[in-house]
1. Criterion first (among the basic types (Lys, Arg), open to solvent by 50 Å² or more (accessible area, probe 1.4 Å) and out of contact with any Ser or Thr (no Cβ under 8 Å at 6 or more places or on another chain)) does LYS153 satisfy it?
2. If VAL74 meets every condition in (1) closer than 30 Å to PRO145 by Cα; (2) at pLDDT below 90; (3) in a loop (DSSP other than H, G, I, E, B); (4) not hydroxyl-bearing (Ser, Thr, Tyr) apart from one, which number is that one?
3. Filter region 208-249 down to residues that are in contact with a helix residue (DSSP H, G or I) (Cβ under 8 Å, 6 or more places away or on another chain) and outside any loop (DSSP other than H, G, I, E, B) and give me whichever is farthest from ASP262 (Cα to Cα).
4. Could we say that ALA189 is closer than 30 Å to ASP158 by Cβ, open to solvent by less than 40 Å² (accessible area, probe 1.4 Å) and touching a residue at least 12 places away in the same chain (Cβ under 8 Å) here?
5. How many residues are closer than 24 Å to GLY185 by Cβ and open to solvent by 20 Å² or more (accessible area, probe 1.4 Å) when one looks only at region 253-285?
6. Which ones in region 340-369 are out of contact with any strand residue (DSSP E or B) (no Cβ under 8 Å at 6 or more places or on another chain), surrounded by 11 or more Cβ atoms within 10 Å (Cβ to Cβ) and closer than 25 Å to VAL263 by Cβ?
7. Exactly one condition in (1) assigned to a loop (DSSP other than H, G, I, E, B); (2) free of Cβ contacts under 8 Å to residues at least 12 places away in the same chain is false for SER141; which is it?
8. Among the residues of region 20-37, write down those that are under 23 Å from THR6 (Cα atoms) and among the hydroxyl-bearing types (Ser, Thr, Tyr).
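The values are calculated or read from the model by the stated rules, or taken from the named source; none is laboratory data. In this text the structure is predicted, and so the values were computed from the model without any measurement. Glycine also receives a Cβ, built like all others from the backbone with ideal geometry; neighbour counts cover every protein chain displayed. Surface areas here come from the heavy atoms of the whole protein model, side chains and all, with no ligands, DNA or RNA. Shrake-Rupley method; radii C 1.70, N 1.55, O 1.52, S 1.80 Å.
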Amino acid sequence: TGVIRTALHNMDREAREHYSVVIQAKDMAGQVGGLSGSTTVNITLTDVNDNPPRFPQKHYQLYVPESAQVGSAVGKIKANDADTGSNADMKYTIINGDGSGVMALINLLFFFCQQPLNYEKKKSYTLNIEGANTHLDFRFSHLGPFKDVTMLKVIVGDVDEPPLFSMPSYVMEVYENAKIGTPVGTVTAQDPDTANSLVRYFIDHNTEEDRYFTIDASTGTIKTAKIFDREETPWYNITVAASEIDNPGLVSHVPVGVRILDVNDNPPELARDYDVVVCENAKPGQVIQTITATDKDNSANGARFHFSLDEGLSLNPNFTLRNNEDNTASIVTRRRRYSRTTQDVYYLPVLISDGGVPPLSSSSTLTIRVCACERDGRVRTCHAEAFLSSAGLSTGALIAILLCVVILLAIVVLFITLRRSKKEPLIISEEDVRENVVTYDDEGGGEEDTEAFDITALRNPSAAEELKYRRDVRPEAKPVSRHHPSSSLDSIDVQEFIKQRLAEADLDPSVPPYDSLQTYAYEGHRSEAGSISSLDSATTHSDQDYNYLGDWGPEFKKLAELYGEIESERTT
């Protein structure tokens, strides 16, 4: 075998890491004539931590603008170590300096801002940075120390910054119902730069709430622009912005909350609509209902309520009100027994006042119903049928009575309608003695026939000209053929002709079984009797004495006077 050993003391990997050695082997113990072979062996030196870290410079300088955000990386610094692997691992630490609280080292390499920078307050910071190995080899501790220190100077750069408000947020208060233009509060901001430019204020009108306020652009004073109602909106949130006049693009914002303070402007009212019931068998001093009230104002202006009856009214003999001094009141009866038949509903005006400044009050009226109750106080019924039962009437009896009333009313209406539909007589006035001549060209069927003609035609002469149709039913039978003589009209006996026609009508089953007045254009023989019409009486002289008409009574008084006047005219 062959053993390879080092020939040099303290070999340095950092000086040379790789070596190549040629090895030759001979047989015959190396004598002449023996055979040999060779090979190359590559040797690599492994690293040990025998080199401490070293910063390339003893002084560093870093420029950081004051607008750098907290937590942002602003620089990088690194120490060198000739070793490799874990032997070169280092830890960086800020060991002292006036900027140890401002800067921080993260990930052993990068610098981060730990606090906001302000050029106007501090323009530079000095830091001492130490870099040390984390894996030490005590065999080489005599080569140490295995750490190094450098100094870092951080220079803060000046940046034109937006205005800075004096507070991160503002809370202001104003009373409701305050007049428009009432000051609410003031916000202040200033330019943090050395130039100290003037600042202009305005409100971001992004929401409807922002329109309830205005702000003075120069002083930052916030004023009301509308009337507030705390019960509707108790709180407003607005955003105020400030910008430099010289550089309007630099804007900063601050939230402002405005609390609306309460004013006693709402009177108290009943908490709900109470259904108050009193039993018929109630006793004096009995509590029938406990009421309470509510107030839209907060507890400082309405938590204490006082109940009382209206002093302007006379003493109520039925009920009274007792204030319980705990924001409730009790309704108490003042007499014994209540009757639904006498009075079923009572009204009790109640006056409610609060303890605000100034105190407000309101009046409400309670409706108290009288009901029938059981002995234990449970309500049995409050409906109207309870009254009917006490009078001995049931629901069926009530319906029968109502039905009879309806029928009676219908009869009365029908009677009045018939009375109004009666026609006026032919002689309307006593002074009108003229006769009415009615033309009617159809004869009825006698006293038994009431459908063949319209009697109203006799009362209204103008209706005589209208065509009237028969209302009887024509029988379904074949008509009998009628023979008409072909002789001339001059040789016809009218009387015989009429008899023939009447016989045909009586024997014909297709015609109604009643007499019909038929008019022909033939004039018959003159009758020996004279005219019975009174139309010609005015021109006919008669010696008849009409004085006897006066003896017939008051019914014929007018007729006696009429004929008496005619006689007197004839005499004269």
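1. On the way: among the basic types (Lys, Arg): yes; open to solvent by 50 Å² or more (accessible area, probe 1.4 Å): yes; out of contact with any Ser or Thr (no Cβ under 8 Å at 6 or more places or on another chain): no.
No: the conditions fail for LYS153.
2. (3)
3. Result: THR239.
4. Values: closer than 30 Å to ASP158 by Cβ: yes; open to solvent by less than 40 Å² (accessible area, probe 1.4 Å): yes; touching a residue at least 12 places away in the same chain (Cβ under 8 Å): yes.
Against the criterion (closer than 30 Å to ASP158 by Cβ, open to solvent by less than 40 Å² (accessible area, probe 1.4 Å) and touching a residue at least 12 places away in the same chain (Cβ under 8 Å)), ALA189 qualifies.
5. Our first condition is that a residue be closer than 24 Å to GLY185 by Cβ; within region 253-285, this holds for 253-265.
Then drop every residue that is not open to solvent by 20 Å² or more (accessible area, probe 1.4 Å), which leaves 253, 255, 259, 261, 263, 265.
Residues meeting the conditions: 6.
6. Residues of region 340-369 that are out of contact with any strand residue (DSSP E or B) (no Cβ under 8 Å at 6 or more places or on another chain), as a first pass: 341-342, 356-358.
If we keep only those that are surrounded by 11 or more Cβ atoms within 10 Å (Cβ to Cβ) as well, we get 341, 356.
If the condition is that a residue be out of contact with any strand residue (DSSP E or B) (no Cβ under 8 Å at 6 or more places or on another chain), surrounded by 11 or more Cβ atoms within 10 Å (Cβ to Cβ) and closer than 25 Å to VAL263 by Cβ, then GLY356 is the only one that fits.
7. All conditions are met except number (1).
8. Within region 20-37, the first condition is being under 23 Å from THR6 (Cα atoms), and the residues that meet it are 20-26, 37.
Hit for region 20-37 is SER20, nothing else.
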